[in-house]
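Trainee: Below: one structure in structure tokens.
The values are calculated or read from the model by the stated rules, or taken from the named source; none is laboratory data. Computed from a predicted structure; not experimentally measured. Neighbour counts are summed over all protein chains in view; Cβ atoms, including those assigned to glycine, are modelled from backbone coordinates with ideal geometry. Side chains included, ligands, DNA and RNA excluded: accessible areas come from the protein's heavy atoms. Shrake-Rupley method; radii C 1.70, N 1.55, O 1.52, S 1.80 Å.
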Amino acid sequence: QVQLVESGGGLVQAGGSLRLSCEASGTFASISAMGWYRQAPGNEREFVAYLARGGNTIYADSVKGRFTVSGDNTKNTVHLQMNSLKPEDTAVYYCNADARPNYYSAYVNYWGKGTLVTVSS
């Protein structure tokens, strides 16, 4: 089992910055990728950013140029630096990871419980 714990959410004014972090713990052989999704009230969960173990990154168009995803493979952590925040960035941000219990298993997708980011205008 893999546990993902997010931290760093909070209240910030428009134009400000926040840094989210997520740490994976538990019993697993490896993680192939980690990333972030978000869900605003009344909306579906949407993709935000992705970081592959090799360093490749993908961003949603809505956050390109403002958000940066980074990670530390040795610590099984992923971060999301969010700059120039807008009220429409307000959402619960969820950490996501693909991990496998052992080297003979397929990768399984895991979710954290989320951290709330509120951007005031």
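Trainee: What aspartates and glutamates does Lys64 reach when the alpha-carbon gap must be under 15 Å and sequence neighbours fewer than 8 apart in one chain are set aside?
Mentor: Glu46, Glu88, Asp89
Trainee: For the stretch 74-121, just the Cα atoms, rotate onto the principal axes and tell me the three extents in Å, largest first.
Mentor: The Cα atoms of the stretch 74-121 stretch 50, 20, 12 Å along their principal axes.
Trainee: Sorting check: for 50-59, 2-11, which peptide has the highest mean count of neighbouring beta carbons within 10 Å, and how do the rest follow?
Mentor: On the way: 50-59: 14.0, 2-11: 16.3.
In descending order of packing, they fall as 2-11, 50-59.
Trainee: I need two numbers for the chain: Rg to one decimal and Dmax as a whole number, Cα atoms only, in Å.
Mentor: 14.2, 50
Trainee: Probe 1.4 Å, all protein chains in place: accessible area of Val117 in Å², nearest 10?
Mentor: 0
Trainee: Check the straight Cα-Cα distances from Lys113 and name the lysines below 20 Å, setting aside those fewer than 8 residues away within the same chain.
Mentor: Within the straight-line limit of under 20 Å, Lys113 reaches these lysines: Lys75.
Trainee: Tell me the carbon and sulfur percent of the accessible area for the stretch 5-103, rounded to whole percent, probe radius 1.4 Å. Don't skip to the answer; put the middle values down first.
Mentor: Numbers: 2300 of 4980 Å².
C and S fraction of accessible area: 46 percent.
Trainee: Please identify the GluC sites (Glu not before Pro) of the stretch 27-89 that satisfy two criteria: DSSP loop assignment and at most 15 other Cβ atoms within 10 Å. Which are they? Present the calculation step by step, with values, prior to reporting the outcome.
Mentor: Details: sites: Glu44, Glu46, Glu88; in loops: Glu44.
For GluC sites (Glu not before Pro) across the stretch 27-89 that sit outside H, G, I, E and B with at most 15 neighbouring Cβ atoms in 10 Å, the list reads Glu44.
Trainee: Return the single residue from Phe67, Phe28, Phe47 with maximal mean-square fluctuation; model: Gaussian network over the chain, springs between Cα atoms under 10 Å.
Mentor: Phe28
Trainee: To continue, here is another question. Among Val78, Val92, Val108, whose mean-square fluctuation peaks in a Gaussian network model of the chain (Cα, cutoff 10 Å)?
Mentor: Val108
Trainee: Please tell me the relative contact order of the chain in percent, rounded to the nearest whole number, where contacts are Cα pairs under 8 Å and at least six residues apart. Let's see the in-between values first.
Mentor: Values: 310 pairs, mean separation 44.2, N = 121.
In percent, rounded to a whole number, it is 37.
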